[in-house]
Each structure stands twice: as structure tokens, then as C-alpha cells.
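What follows is one structure encoded as C-alpha cells, with my remarks underneath.
The values are calculated or read from the model by the stated rules, or taken from the named source; none is laboratory data. Worth saying up front: this structure is predicted, and the values here are computed from it rather than measured. Positions of Cβ are generated from backbone atoms using ideal geometry, with glycine treated the same way; all protein chains shown enter the neighbour counts. Quick note on the areas: whole protein, heavy atoms, side chains included, nothing else; ligands and nucleic acids left out. Shrake-Rupley method; radii C 1.70, N 1.55, O 1.52, S 1.80 Å.
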Amino acid sequence: MRALALRVAAALVLVALTAGVAPAAYGQTTPAPVPQESPGVDPMRAQEYWLDAYGIRKAWETTRGKGVKIAIIDTGIGKAPEFDGAVVGGTDVSGLGTADGRTPVGAVDANHGSWVASLAASRGLPNETGMIGVAPEASLLSVSVGFGTSSPVPFSEQIANAMRWSVDNGAKVINLSFTTNTLDWDPSWDDAFQYAFEHDVVVIVAAGNRGSGTARVGAPATIPGVLPVAGVDPQGKASVEASTQGITLGVSAPSEQLLGVSADGQVVVWKGTSGAAPIVAGIAALVRAAHPELDAANVIERLIATAKAPAGVGSLPDDQYGYGLVDAAAAVSASVPEVSANPMGDLSEWIRVHRRAEESPAPLPTVGEVSVPPLPPAEAGSRPASPLLPSMDTLLYGSIPLLVFSVAAILIALGVSAAVRRIRLARVQRARSR
């Protein structure tokens, strides 16, 4: 069974990576029932170690999430009995599912959406048996998308449509358990995610898994304003295979030895930040139910402000744990100062800085004829004279002044010469008379 499960998981990863997007799940198998430790303890629920270790049962003393809708944008939530009464709406954006979003999409990973939904808000089975979700009284919206399938709708468009549909149908928490394995995202997601933030929705996303080829956090976990969730093992240490790292991480939650209800009701053990994200999404629903007056920014602030520091970690946030291990009881009940902005960033500001502004519209062409005043009449031109003949200007300002000056100079020179001769003649005559 384990070998078969690993082959299925490998196929899931191969298909997802080929499409450029991967569900943040890694591996699956059917769990062996554990013995009852004491009367009244259901074997299935005894395996849900996160209920006690992360303060979830303690938070149930205040609320179980009633009145809050969680949108699961995934492969679709099946119709297992654990979801009876939980799913209150749905749609398909892949072009492959059914209108209610309840038909699992995908040849290999079709159960992924059901596993995710069961961690967030499974109702369990009668008589306090069966797997129970983190927010068992919250409502679910099932939005089916195609991971690595031959969908007629581009994946980026599926997610943009899914985000808007979820917001328009009352989701207060949206869960995205996938990664694109790239830091960037399609520009169409700018408006879609901003639409969610403007409508006061908490968006929880998976960080991705090293085991499925994600070496670093990828979109949508890189989008400002979302809360990316890293994964830890049952001892609270960063998971080697079922998590990844990055500076955008928000909080950490269990990502190993998780339970998940498949579409047909079979319960499996699986791992990945695909499971860590809906645990935090369920806790966010508990916070929203306990504090309906808080906006999305302050719900996120409660989740990160009350997170516990992992053992051996000095300063937070950390690139493996974010702000620490999520604590449901503290997030619901602790006194946390309110904030005025989303502590995980501002998408609108990021868009303003990093997206190129739209070009100004081109000027419209002139309508109708334009009246141009006539030019003044040109003066009649004179026929050009020969360059060898003097013009009036050259006579007045050149030849005549030069002639007058020359005559005057000649007369002066003659007068001077005559004076000189008379003087010489007078000297000669005086010399003879002696």
C-alpha cells in the first residue's frame, strides 16, 4: 500500500510540475487505526494531534467558527458524509467540473480539495466519531479548479475567476493550497487579490514543499497581503520535505502525518503545506467568529502576534517558521493591540511601484476642416543686376567716399611738396648772397 501511495504521489507531482503549478501536497497513504487510549476517544480523532498541540480544542470553548464561510479554491470538495451540512455553495472555474463545484477535477489529484476541506471544517461523523476539522461549524464554498489538467481555461484565469466568485458569495476566508513554483504571478491576479482585500477577506496560502520540487516560496505566497503558511513536523520542527522557506512566510502549522477525508469518504494520511494552510484557515475562521468586529488585517495580526516561537529559534520572523507556530487558543482569546494596516503587506502599493503605469490615451484626430488664414502677399522682386556694375549702395558708401578721400590726399601731398621746394630754393638764394 505504501509503495502504491508513493507511486501515486510521484505521478501527482509530475503532472503538477509539468503544468507549472503544483498542489502543495506530498505523499499519501491509508492510516492504520490506532487503539483507543481511553473509553470515549475516537481512534480517528486520536490521530489529530494538532487539535490539542495547537490550542484548537481550547479555542472551541469560545467558538467553533459558526457563521464564517471558508472558500476552498482547489480540485473540488467531494460528497463524503463528513461534509454533510458543511458545503453551502460552489462553482467550477475549470470547465471540467460541475456547476456546484462538488465533482472532483483531475485524474490523479482529484481528492486534494477534499483533503484540504476536511482539515478546515469537516463535520465528523455521528456520535463524536470520524475526522473533525479545525472550524467544524464554519461553512464551506467549493470552487473546483484544474491542477495540471487539460482545462480549456488558463490556470491564471481560473484563479482570478475563483477569487472573485468566492468574494461575491460571502467568503470571509479563502484557502489556496498550491504553488506556482515561481516568485512572479500573472498580472490578472493583481485585481483579483486586491478585490478580496478590498472586501475584507483573509487569504491563506500554502508555502510549497521541497519534496515536490519547491526550493523557495512561490506565488501566490509571494503576493503582499496574503498569509503564507509553512509546515512543521509533529514535534514542531520545520519539515524537511513537506515545507519550504522564504522571507514572506507568516506562520507555521503541522504539515506531516495529517489526516484527510477523500471525496469517497476514505480517510488517508498525507503531508504537505497543502494541509498546513487549511489548519490556519480554520483558525482564522475561529478568530472571525469570535471577533466579528475585526477586519481582515487584524485577524492576520492576531494569528502572527500570538504565534509561539519554535524551540531553538532566536529572532522572528524566520525564513523557515515565519512569526512562529500558530496558536488557536491565544489567537481567539489573547489581548492583541489593533493595527491599521495588513502586517503582511499592501498589494496596491506593490502594484503602484512595480507595475508599469498604463499609457495615456492617444490624442483623438481633429474632426472637420481647419481654417488657416491666408499668408500676406509677397513683395515684387527686382531683377538682379550684374555683379560687375556698381550698385547705388556701393557708389554712396564705397566709391564716392573713396574718391573724395583720394583727391584730398593728393592735394595735400602736392601742397606739401610745393612748400618743401620753396623752402629749399630760399636757402640756396641766401647761400649765394653771402
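Numbers at a glance
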read-out: Pick from region 90-122, criterion open to solvent by 30 Å² or more (accessible area, probe 1.4 Å), β-branched (Val, Ile, Thr) and without any contact (Cβ under 8 Å) to a residue 60 or more places away in the chain, ranking: farthest from Trp50 (Cα to Cα); value: Thr98
read-out: Failed item, numbered, when Ile159 is tested on (1) among the aliphatic types (A, V, I, L, M); (2) surrounded by fewer than 22 Cβ atoms within 10 Å (Cβ to Cβ); (3) under 13 Å from the mean Cα position of the chain (by Cα); value: (2)
read-out: Condition met for Ser340 (closer than 24 Å to Asp184 by Cβ, of a type in the set (S, T, N, Q), at pLDDT 95 or above and within 43 Å of the chain's Cα centre (by Cα)); value: no
read-out: Residue match in region 264-285 (condition: in contact (Cβ under 8 Å) with a residue 40 or more places away in the chain, open to solvent by less than 10 Å² (accessible area, probe 1.4 Å), out of contact with any Pro (no Cβ under 9 Å at 6 or more places or on another chain) and hydroxyl-bearing (Ser, Thr, Tyr)); value: no
read-out: Inter-residue pairs, beta-carbon under 6 Å, first under 14 Å from Val251 (Cβ atoms) and open to solvent by less than 10 Å² (accessible area, probe 1.4 Å) and in region 196-208, second part of a strand (DSSP E or B) and among the polar types (S, T, N, Q), 6+ apart; value: Ile204/Asn175
read-out: Boolean, Val134 is assigned to a loop (DSSP other than H, G, I, E, B), at pLDDT 95 or above, surrounded by 20 or more Cβ atoms within 10 Å (Cβ to Cβ) and touching a helix residue (DSSP H, G or I) at 6+ places or on another chain (Cβ under 9 Å); value: yes
read-out: Which listed residue is at pLDDT below 95, farther than 24 Å from Asp184 by Cβ and not in a helix (DSSP H, G or I), from Gly314, Gly218; value: Gly314
read-out: Output for region 303-318, where each listed residue is under 26 Å from the mean Cα position of the chain (by Cα) and among the charged types (D, E, K, R); value: Asp318
read-out: Total residues in region 137-156, condition open to solvent by 10 Å² or more (accessible area, probe 1.4 Å) and either touching a residue at least 60 places away in the same chain (Cβ under 8 Å) or not in a loop (DSSP other than H, G, I, E, B) (or both); value: 7
read-out: Count of residues meeting criterion [under 16 Å from the mean Cα position of the chain (by Cα), under 15 Å from Val226 (Cβ atoms) and not in a loop (DSSP other than H, G, I, E, B)] in region 162-190; value: 9
read-out: For Tyr321: the one exception among (1) modelled with pLDDT of 95 or more; (2) more than 27 Å from the chain's Cα centre (by Cα); value: (2)
read-out: Every residue from region 26-83 that is under 30 Å from Ser333 (Cβ atoms), at pLDDT 95 or above, assigned to a loop (DSSP other than H, G, I, E, B) and of a type in the set (Gly, Ala, Ser); value: Gly55, Gly65, Gly67
read-out: Given (1) more than 21 Å from Val217 (Cβ to Cβ); (2) surrounded by 22 or more Cβ atoms within 10 Å (Cβ to Cβ); (3) of a type outside the set (A, V, I, L, M, F, W, C), index of the condition Tyr321 fails; value: (1)
read-out: Yes/no for Val287 being modelled with pLDDT under 95 and closer than 16 Å to Val326 by Cα; value: no
read-out: Filter result (assigned to a loop (DSSP other than H, G, I, E, B) and either among the hydrophobic types (A, V, I, L, M, F, W, C) or buried (at least 21 other Cβ atoms within 10 Å of the Cβ) (or both)) within region 223-236; value: Ile223, Gly225, Val226
read-out: Those residues of region 181-198 which are aliphatic (A, V, I, L, M) and under 19 Å from Thr273 (Cα atoms), in sequence order; value: Leu183
read-out: The lone exception for Gly113 - which of (1) assigned to a loop (DSSP other than H, G, I, E, B); (2) out of contact with any helix residue (DSSP H, G or I) (no Cβ under 9 Å at 6 or more places or on another chain) it fails; value: (1)
read-out: Unique match (being surrounded by fewer than 20 Cβ atoms within 10 Å (Cβ to Cβ) and touching a residue at least 24 places away in the same chain (Cβ under 8 Å)) among Ser188, Ser243, Ser239; value: Ser188
read-out: Among (1) within 30 Å of Asp186 (Cα to Cα); (2) modelled with pLDDT of 65 or more; (3) open to solvent by less than 100 Å² (accessible area, probe 1.4 Å) - the single one Ala418 does not satisfy; value: (1)
read-out: Any hit, region 77-89, residues being without any contact (Cβ under 8 Å) to a residue 60 or more places away in the chain, over 11 Å from Leu140 (Cβ atoms) and open to solvent by less than 20 Å² (accessible area, probe 1.4 Å); value: no
read-out: Ala334 of a type outside the set (Phe, Trp, Tyr), open to solvent by 20 Å² or more (accessible area, probe 1.4 Å), modelled with pLDDT of 95 or more and over 28 Å from the mean Cα position of the chain (by Cα); value: yes
